[in-house]
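The values are calculated or read from the model by the stated rules, or taken from the named source; none is laboratory data. This structure is a prediction, so every number in the text was calculated from the model and none was measured. With ideal geometry, Cβ positions are generated from the backbone for all residues, glycine too; neighbour counts draw on all protein chains shown.
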Amino acid sequence: MPAVTIDKNHCKGCELCVKACPQQILSMSKDITVKGYFYAQVHDPSRCIGCMICAITCPDAAIEVRTAGQVYSLFDY
Ligand code: SF4
Ligand code: SF4
């Protein structure tokens, strides 16, 4: 099963990934980060299809997708 990891400390709460996910399994948190942002989280990871659209969409490269033993992330900090 694909694994999606969202680094909340790099998330600025823009919600682009939430709107982009074709499975609609991302949502925003109810609490905030130390920077004062609501952050994205995966609320139903079992339905992830590993399409990586969320990672490609995120302007802050806060999302990493792991699928079939491969790691996909747009940039490394
Ligand atoms: S990899 Fe695709 S299905 Fe999985 S959370 Fe990201 S956008 Fe949604
Ligand atoms: S696209 Fe990136 S910065 Fe925007 S809410 Fe999603 S994880 Fe956070």
Practice item. Would you tally the residues in segment 41-70 being under 20 Å from Met1 (Cα atoms) and either among the hydroxyl-bearing types (Ser, Thr, Tyr) or touching a helix residue (DSSP H, G or I) at 6+ places or on another chain (Cβ under 6 Å) (or both)? Key: 6
Exercise for review: Go through segment 28-43 and give me each residue that's in contact with a Leu (Cβ under 9 Å, 6 or more places away or on another chain) and surrounded by fewer than 16 Cβ atoms within 10 Å (Cβ to Cβ).
Suggested key: His43
Check your understanding: Where residues in segment 5-36 are hydrophobic (A, V, I, L, M, F, W, C) and away from ligand 1 (no atom under 16 Å from the Cβ), which of them is nearest to Gly50 (Cα to Cα)?
Key -> Ile32
Revision key, fill the gap. Only one of (1) in a loop (DSSP other than H, G, I, E, B); (2) at pLDDT below 95 does not apply to Val71, and that is (1)
Point to revise | Candidate set from segment 48-68 (those that are within 8 Å of ligand 1 (Cβ to nearest atom) and in a strand (DSSP E or B)); member that is surrounded by the most Cβ atoms within 10 Å (Cβ to Cβ) | key: Ile63
Check your understanding: Are any residues in segment 1-47 in a loop (DSSP other than H, G, I, E, B), under 11 Å from the mean Cα position of the chain (by Cα) and among the aliphatic types (A, V, I, L, M), and if so, which ones?
Key -> Ile25
Check your understanding: Between a first residue in segment 30-50 that is touching a residue at least 12 places away in the same chain (Cβ under 8 Å) and acidic (Asp, Glu) and a second residue that is part of a loop (DSSP other than H, G, I, E, B) and surrounded by fewer than 17 Cβ atoms within 10 Å (Cβ to Cβ), which pairs have beta carbons less than 9 Å apart while being 6 or more apart in sequence or on different chains?
Key -> Asp44/Gln23; Asp44/Gln24
Practice item. Please identify the pairs in which a residue from segment 5-29 that is touching a residue at least 40 places away in the same chain (Cβ under 8 Å) and within 13 Å of Ile56 (Cα to Cα) has its Cβ atom under 9 Å from the Cβ atom of a residue that is near ligand 1 (Cβ under 10 Å from one of its atoms) and assigned to a helix (DSSP H, G or I), counting only partners at least 6 apart or on another chain. Key: Ile6/Cys17; Ile6/Cys54; Leu16/Cys54; Leu16/Thr57; Cys17/Ile53; Cys17/Cys54; Cys17/Ala55; Cys17/Thr57
